[in-house]
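Down below is the structure, laid out as structure tokens.
The values are calculated or read from the model by the stated rules, or taken from the named source; none is laboratory data. As the structure is a prediction and not an experimental result, all values here were calculated from the model. Cβ coordinates were reconstructed from backbone atoms using ideal geometry, including for glycine residues, and neighbour counts include every protein chain displayed. Surface areas here come from the heavy atoms of the whole protein model, side chains and all, with no ligands, DNA or RNA. Shrake-Rupley method; radii C 1.70, N 1.55, O 1.52, S 1.80 Å.
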Amino acid sequence: MKAPARRAAEIGVVAAAYAALTVYLAPASYGPLQLRMAETLKPLVIWEPHLIPAFVIGNFLGNLSSPFAGPWELGWMPFANLVGAWVCWRVGRINAYLGAAAYALIVAAAVSTMLASIMHVPLRGLFPPLVVSELLLLVLGVPVMRPVHLALRRVIRE
């Protein structure tokens with residue numbers, strides 16, 4: 001495959017994997033105590049910035065099954081993932097773990113804001129558990145995704 005087609009295919013595969021994991025592991029993927037295992041894929045943007053759209057698309061598709069589906073889940077959260085993925089890539093070039101942590105903080109703040117607005121509960125009660133969950137998944141995603149990234153690069157070169 002030519003480079004643009006290969007990149008589009010990679011975006012599609014990663015977006016589909018993110019969405020499928022999110023939907024398959026529901027209801028844990030949604031709500032104030034969410035644990036989205038798909039978040040461990042997100043550090044891939046540190047090494048492959050062309051995958052940033054994969055997390056915007058994957059988040060949108062995964063959120064179609066959310067009990068909170070609506071403008072927040074289908075507009076706000078994909079936008080938060082665009083911002084978070086870009087920041088992760090930029091900061092991750094300096095330190096992968098800091099990049100993943102920055103992405104986690106952005107997503108936790110966005111989810112907390114969304115749920116506080118939808119559920120009419122204080123933001124300060126939502127943010128702590130969400131930031132812990134996001135930090136664990138994204139920071140632990142760095143050592144998990146680094147060898148995945150390297151293995152995929154070897155396969156693509158062959």
Rounded tilt (10° steps) of 123-157 against the dominant C-alpha axis of the chain: 10
All-pairs Cα distance distribution in segment 1-45, expressed in whole percent, bin size 5 Å: 5, 22, 23, 19, 14, 8, 6, 3, 1
Starting from the eigenvalues of the Cα gyration tensor, five times each then square-rooted, give me the equivalent ellipsoid semi-axes of segment 38-95, largest first, whole Å. 23, 10, 8
Compactness check, segment 95-158: C-alpha Rg relative to the 2.2 N^0.38 Å globular estimate gives 1.47
Of all the stretches in the chain, which is the longest one without any exposed loop site, taking trypsin sites (Lys or Arg not before Pro) in a DSSP loop (any state but H, G, I, E, B) with at most 13 other Cβ atoms within 10 Å? 3-92
Among (i) 50; (ii) 53; (iii) 64, the value of percent of Cα pairs over 19 Å apart computed for this structure carries the label (i)
Relative contact order (percent) for the chain, with alpha-carbon contacts under 8 angstrom and 6 or more residues of separation? 25
All other residues with a Cβ under 15 Å from the Cβ of Tyr18 taken together, and with Lys, Arg as +1 and Asp, Glu as -1, what is their net charge? -3
How large is the helix-only mean residue ellipticity at 222 nm for the chain, computed as the sum of -39500 (n - 2.57) over DSSP H runs with n ≥ 4, divided by its residue count, in deg cm²/dmol to the nearest 500? -24500 deg cm²/dmol
Roughly how tilted is helix 96-119, in degrees to the nearest 10 and between 0 and 90, from the longest Cα axis of the chain? 30
Summing Lys, Arg as +1 and Asp, Glu as -1, what charge do residues with Cβ under 13 Å from the Cβ of Glu134 carry, Glu134 excluded? +1
Rounded to the nearest 10 degrees, the helix 77-92 long axis (Cα) sits at an angle to the longest Cα principal axis of the chain of 50
Accessible area per residue of the chain at 1.4 Å probe, in Å²? 50
